[in-house]
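Report on the structure given below.
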Amino acid sequence: MNTKTPHANPSKSRTPRHRAREFALQGLYQWLLNGEDAGAIEANIREAHGFDKADAEHFDALLYGSIKQVAALRADIAPLIDRPLAQVSPVEHVALLIGTYELKNHPEIPYRVVINEAVELTKSFGGIDGHKYVNGVLDKLAAHLRETEVNAGRR
């Protein structure tokens, strides 16, 4: 099993928030596969090339918030997936955690942005069709967690 952190090709058009999500995905990937301490992961990632262009506050919120709330986030995801979460690819698993965390804790970020960002992370770091899976799960979850917002967007 490959336990290296996933890497994507950097792009100059990425926003600081998007970069924060990329670094959070990498940190949560390390945490998921290796059980590393969040503080050690954070320290290591903050030294990574390009971190200075990331929204450090959002990175911290995603990394620590997702770890702290992991049981509740997984409970939200579990009924919406077609297999045990342990059988979902690690990149998709982590993208789902980030997306679920943002849907639950960051109502100032439109649900469509949350879903799109998770899909983009999965396209950059995951398998060929993993983004479709993440999109479908988060779309269902948004309809539940942000029902008013989703219904307003459908009118």
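Among the lysines of region 16-147, pairs at least eight places apart or on separate chains and with Cα atoms under 22 Å apart come to 7. Summary value for the chain: 22 percent relative contact order, contacts being C-alpha pairs under 8 angstrom separated by 6+ residues. Over the chain, DSSP H runs of length four or greater, each weighted -39,500 (n - 2.57), average out per residue to a 222 nm ellipticity of -21500 deg cm²/dmol.
Phi-derived couplings, Karplus 6.51 cos²θ - 1.76 cosθ + 1.60 at θ = phi - 60°, listed residue by residue for region 94-99: 5, 4, 5, 4, 4, x Hz, with x used for Gly and Pro.
Using bins of 5 Å that start at zero, the share of Cα-Cα pairs per bin across the chain amounts to 1, 10, 21, 24, 22, 14, 6, 2, 1, 0, in whole %. Below 10 angstrom from the Cβ of residue 115, what's the summed charge of the other residues (Lys, Arg +1; Asp, Glu -1)? It works out to a net charge of -3. Count Lys and Arg as plus one, Asp and Glu as minus one, and take only other residues whose Cβ is under 14 Å from that of residue 20; the net charge is then -3.
Going through region 12-101, which GluC sites (Glu not before Pro) have at most 10 other Cβ atoms within 10 Å and a DSSP loop state? Those that pass, being in a loop and sparsely packed, are 47.
Listed highest first by mean packing, meaning other Cβ atoms within 10 Å per residue, what order do 59-66, 81-88 come in?
Packing order, densest peptide first, comes out as 59-66, 81-88.
No value in this document is a laboratory result; all are computed from the given coordinates. Because the structure is predicted, anything quoted here is derived from the model rather than measured. Using ideal geometry, Cβ is built from the backbone for each residue, glycine included, and neighbour counts are taken over all protein chains shown.
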